[in-house]
Structures are given as C-alpha cells and as structure tokens.
C-alpha cells in the first residue's frame with residue numbers, strides 16, 4: 001500500500017506544480033485607463049480661445065514635483081483633445097502666474113491682471129491643486145494562488161479664472177481611482193510596485209468628473225483679439241489680426257474693431273469688471289497669412305491703430 005500512497009502523492013504534487021505553472025503564465029490585463037467623454041462634440045464657433053495652465057500645486061504628501069508635473073500634463077493633454085483652445089506652455093506664463101499669486105495674497109490690485117492678459121493675449125488660466133493622493137496594495141490569498149491589487153486614488157480641485165476680469169468662471173473638484181491587478185503563485189510572480197502610469201490614470205479619472213463642464217465654461221468666454229498692424233492698399237484700410245490658421249480664423253469672418261477708452265469697476269468693491277470701448281468700424285477677413293495672422297478689409301474705419309481690440313461681429 002505504501003508504494004501506492006507515494007505514487008498518489010507524486011501525482012498530486014505534479015498536478016499542483018502544473019497548475020502553478022499555468023497560473024504564473026497568465027496575467028490579468030491592467031484596468032483600462034479612464035476615457036474622457038465630456039460631451040457630444042460641437043462645431044467650433046469662431047477662433048480658438050487662448051488658455052494658459054499654471055503648474056498644479058501638490059498639497060498631498062506624495063511625490064511633490066513629479067505629481068505636480070503629471071497633473072499639469074494631464075490637464076494640458078485633455079484640453080488639447082477638445083480642439084477648441086490655444087494652450088500656452090508654463091514657460092510663457094511665468095510673469096502672469098507670479099502676478100496671480102500676488103493678487104491672491106492681496107499685495108496687488110486685481111485690475112492689473114487684465115493688463116498682463118493683454119501682454120500675453122491669454123483670456124483664461126487654469127489653476128489646479130492636488131488635495132489628496134495615495135497609492136497602496138490590497139492582497140487576496142487563495143493558498144497556492146495569490147492576487148495583489150495596486151490602487152491609486154487622487155482628488156483634484158480646479159479653478160478657471162477670466163484673465164480680463166479676474167473672476168472665477170469655473171470651480172469644481174473630482175476624485176479618481178484606478179486599480180491594477182498583480183498576480184503571484186506559491187510566493188513567486190509579479191510583485192506590486194509603483195507605476196507612474198497609475199498616477200496618470202487616477203488623475204485622468206479625477207478630471208473626468210468635471211472636464212466637460214469646464215470645457216463648456218471656458219468655451220463660453222467671448223473671443224478677443226488685437227490689431228497687430230494697419231496699412232492701406234489702393235485707398236482701402238486693412239488690419240492685421242493676431243489670429244489666423246492656428247487659431248481657427250476663417251476667411252469671410254466678420255469682425256469689429258474697438259478702441260479701449262476706459263475701465264469699468266464695481267462702485268462698491270472697486271473690482272475691475274471690464275473695459276469701456278468705442279467701435280471704430282467693421283471688417284471682413286479676406287486672407288490668412290503665416291502661422292497665426294489674418295488680414296481684414298475694413299469698411300470706413302479711420303483711426304484704427306496697433307493694439308486696438310478685435311471682437312467677432314454678431
């Protein structure tokens with residue numbers, strides 16, 4: 001009988017090792033990255049808005065600079081996918097960001113933000129904060145079969161500020177969570193370790209909670225451009241506008257040129273509310289030039305000069 005017991009035990013051992021080998025080869029697919037589908041796409045109306053993204057502030061206890069950079073890059077990527085904005089790199093926003101920090105600290109009058117907006121051409125800035133981030137493992141043990149799950153969770157607060165008025169036009173927060181399955185058998189196999197893509201996935205999932213509403217809010221800002229140059233050809237006045245192919249300007253677009261003649265402030269709070277303007281004339285875009293320049297033929301508009309405001313005709 002003893003030989004039979006040893007034979008049976010040997011067969012059972014081989015079966016266990018065979019199952020272990022099969023389990024070691026099979027790895028579950030990682031959780032798919034969240035897909036942002038904020039709203040049904042709509043046709044672009046008018047030129048793209050100029051939007052800047054400040055580097056996200058990381059108030060969590062996790063990976064300071066690396067996580068801030070990741071959150072900023074994810075926001076840039078998702079706004080770029082919308083195809084409705086001209087996005088400005090952080091290097092071009094140093095002065096504007098510095099000014100905004102001073103405004104928030106109360107050391108600078110908010111009205112100066114509008115002047116910085118004029119210099120950069122930016123109409124809105126996105127300001128984000130990572131308020132919470134964590135990554136951890138959970139394990140399940142089935143004897144010869146062990147499964148580990150790596151979980152990443154992020155909470156992000158975002159505000160969008162109209163640079164011209166300094167007003168917050170959008171504010172929201174979202175929490176995202178992603179899981180990645182890891183597997184080991186009889187103590188061997190893949191061990192859970194931090195994967196940088198886990199942070200990206202959690203951040204994208206957090207942004208997905210409000211991205212559609214944010215895009216809609218920023219898209220609701222009225223487009224503004226500036227006169228870059230003025231000349232006359234055959235007695236016809238032409239204005240060069242700082243928006244062309246890259247901005248999505250179209251030949252045939254009707255525009256209105258306005259002169260800024262003053263500022264409007266709240267009588268109670270003295271908060272800057274906008275500009276007082278005088279209409280100089282209307283024109284039609286007839287030509288697109290270079291990377292981002294358009295030329296409009298004006299209809300009787302004496303006095304137009306470089307720096308004057310350009311808006312879309314209603």
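Summary of computed values
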| read-out | value |
| --- | --- |
| Length gained when the stretch residue 287-residue 269 is fully extended (0.36 nm per residue, less Cα-Cα span) | 2.1 nm |
| Förster radius 35 Å - calculated FRET efficiency between residue 167 and residue 65 (Cβ-Cβ, nearest 0.05) | 0.70 |
| Förster-model FRET efficiency, 25 Å R0, residue 77 and residue 251, C-beta, rounded to 0.05 | 0.25 |
| Whole-Å semi-axes of segment 225-312's equivalent ellipsoid (Cα gyration tensor) | 27, 15, 10 |
| Rough spin-label spacing in nm, given labels placed 7 Å along Cα→Cβ, for residue 232 and residue 305 | 1.7 |
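Where a number appears in this text, it was derived from the coordinates with a stated rule and is not lab data. Remember, it's a predicted structure, so these values are computed and weren't measured experimentally. Note that we place each Cβ from the backbone using ideal geometry, even for glycine, and neighbour counts take in every protein chain shown.
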